[in-house]
1. So how compact is the protein assembly as shown: Cα radius of gyration and Dmax in angstrom?
2. Order A:298-307, B:152-161, B:248-257 from most to least packed using the mean count of other Cβ atoms within 10 Å.
3. Percent of Cα-Cα pairs per 5 Å bin, from 0 to the last occupied bin, for the stretch A:264-324, please list those.
4. Taking N as the number of residues in the stretch A:250-383, what is its Cα Rg relative to 2.2 N^0.38 Å?
5. Between A:I69 and A:Y348, what FRET efficiency comes out of the Förster formula 1/(1 + (r/R0)^6) with R0 = 22 Å and r the beta carbon distance, rounded to 0.05?
6. Hey, how many Å between the Cα centroid of the stretch A:350-374 and the Cα centroid of the stretch B:79-131?
7. Which whole-number percent of Cα pairs in the stretch A:98-157 have a distance greater than 16 Å?
8. Running a GNM on chain B with Cα contacts under 10 Å, which residue among B:L22, B:L104, B:L297 ends up with the highest mean-square fluctuation?
Amino acid sequence: MIYDKNNLPEEIKNLPASAFESLHQEDIKDEKFKTKPVGFFKDAMIRLSKSRLSIISGAIILLIVLLAIIVPNITGYSYTEQNVEQQNLPPKIPGLEKLGIFDGTRVLTDRRKDKLDDTDRYPEGCILAVTNERIVKNVTMCDVKVDYYKYCGVAEGEYHWLGTDYLGRDQLTRLFRGARISLIIAAVTVVVNIVIGVIYGAVSGYCGGKVDIFMTHLAEVLDGMPYVVVTILFMLVFGAGMFSIILAMTVTGWIGTSRLIRAQFYRFKGREYVLAARTLGVPDRTLIFRHILPNCIGPLITRAMIAVPGAIFSESFLAYIGLGIAPPEPSIGILLSDGQSVLLQYPYQVIFPAILISALMVAFNLFSNGLRDALDPTKRGEE
Amino acid sequence: MLKYILSRIAAMLITLFLIMSLSFIVVRLMPMSLFENPEVPLEIQEQLEDKFHLNDPLPVQYFYFITDIVTDLDFGISVKLRPGLPVFGILIERLPPTILVNFLSLFISIPLGLIAGTAAALKRNTWVDHVISFFVVIFISVPSFVFASALQYFLAFKLGWFPTLYDTNAATLAEKFHSLILPIIALALGPIATIARYLRGELIENISSEYLLLARTKGLTKVQSIVRHAFRNSLIPISNTLIAMITGIMGGSLVIENIFAIPGQGGLTVKSIMAGDHFLTVACLIFYSVTSLVTILLVDLSYGLIDPRVRVGGKKS
């Protein structure tokens, strides 16, 4: 028989403490731990710090994040600053220029030799070398290696480390500004997806029964919509912009998380400790968030980390098909797709964003693999 | 089994319906420049509006939109890219190159992925495994369009081994394939790595399992036991990644076709988005959805064929 706490018979309510006696007659003789107890996360961190690959990739991520925060503020250029006279400048980096790389030179092909003395077109001192002289239709043609910065009349001592784009905007500033935007989009998307997924999965898994069947089928129907189609349709409806990109990526992005959470809830909601808590009168909300959800933290963190490179990829994919964020704001995807159209003339405009996105994606993938191994050692080595 | 198939098809249809509804919203939202042109006389505008049911209430328009698509495959007419032509015709015309590229990528990625995965699993923790694992991480992480740019610049432009763009006027089939090699490689690298990665994990697990020990004990050679038992069992989970791979290739094809100027459906989709030709975009997307839904259904069903346990259970968890 179960008594209501408020309706206990009077004689039970007023029992004196002396009326109780311990069931155990002897003292409990547990030994004290000799070492400090290691919690779940500390344990995971110890494992993570032992994996060299994870440490390196984590450091790369941190470095890129820091650069994305700092670089756009200290280059001295703004990401919108246009300069028509300085279009498509090649990279020029102080220090390295003496080694013959990144020295701001470019070879101009098929120039008339007799016009080389014309200081209007070729400012003084800009011609470094003349090669490949040949006579075409009685005109001597040649290839000229010029200091492109002097050629364009850029002031001495002005450097664009990664060159400029077709509007004369500094690529270094735009690259890291773009990295910042891409990272923000990725982070917000992942957080929103995780939050929706956790709530949906928790309700579906905890309630079970008809609610669960309905919610699972709804998720299945939504999941059937191809990701590409959903994102494109949503972008068309809401127009270009950061908000619509995030919205488009969260329409079906949360389903994976909700499945994971639902499975975990099914695993844990029948456990004895949950039953005990329920018997003690713990409300549903506390059961969900305090007692069951903490079991999902490990897989959830892993999942969030794995989702980040996916979101970065989606953003640049959308930029490539003309649905990126609104100009003049850059993102890695915008830079890549802008550069792609002049790839054969100015390859450096693609190379740097390509290197950055590749480094970011590889680092995130390796780091999340390491994190998964650390949080769940039984899955070690599985892919 | 029949019940399972029917429930899958029902879910598929609902999904498709959702996509069509979203498409309707897109089409309705687009500015109807064709009908609001001041140079067109008012009477003709009204006639046009009547013809395209623009004066009816929205639900009726929605009904027309859906029935036109379902019964006549009538997705409307192109407004910007090829004005006046029915969208479905343009779409069909652009299909062959896309099918060619996508199928060939899938076709070469499956065997290559299987070989790489098997090699990595059998030579576990040797340099072979390390090299393959290294490339797997690179290929999985780096987006296909970055590879496409790299291939186009280095192999095609710098070294001149391949044409930089798709050769539409190719005289012979060999020339045509020559210009298709780079896009196919760019699309296939990701799937190859995905298969290799999964297969390696599965094979390693199966090779160290007890039933493989039993197979060896009863007298099978190592090759026999691995080919007949471990490999076959590893293929089951792989077939499930096939869905992601196919949709991945189709999605990647959108960008790759544009980079290599392949006159295919992916390129058409991107061009229609950029031009704001919404009827065309919507038709491409619905077509894309149908293809991917049917693929998912087929892979799901074949999953039941490969793995008898799914068939008996009738329902996947």
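Since every read-out is calculated from the coordinates, none of them should be taken as a lab result. Please read these numbers as outputs of a predicted model, since none were measured by experiment. In this analysis, Cβ positions are derived from the backbone assuming ideal geometry, glycine residues included, and neighbour counts consider all displayed protein chains.
1. Both quantities, over Cα of the protein assembly as shown: 30.9, 122 Å.
2. Numbers: A:298-307: 19.7, B:152-161: 14.8, B:248-257: 24.8.
Answer by packing, highest mean first, reads B:248-257, A:298-307, B:152-161.
3. Result returned by the calculation: 4, 16, 17, 14, 10, 9, 8, 8, 7, 4, 3, 0.
4. Numbers: Rg = 21.1 Å, N = 134, 2.2 N^0.38 = 14.1 Å.
It is 1.49.
5. 0.40
6. Going from one Cα centre to the other spans 23 Å.
7. On the way: 783 of 1770 pairs.
Of all Cα-Cα pairs in the stretch A:98-157, 44 percent lie more than 16 Å apart.
8. B:L22
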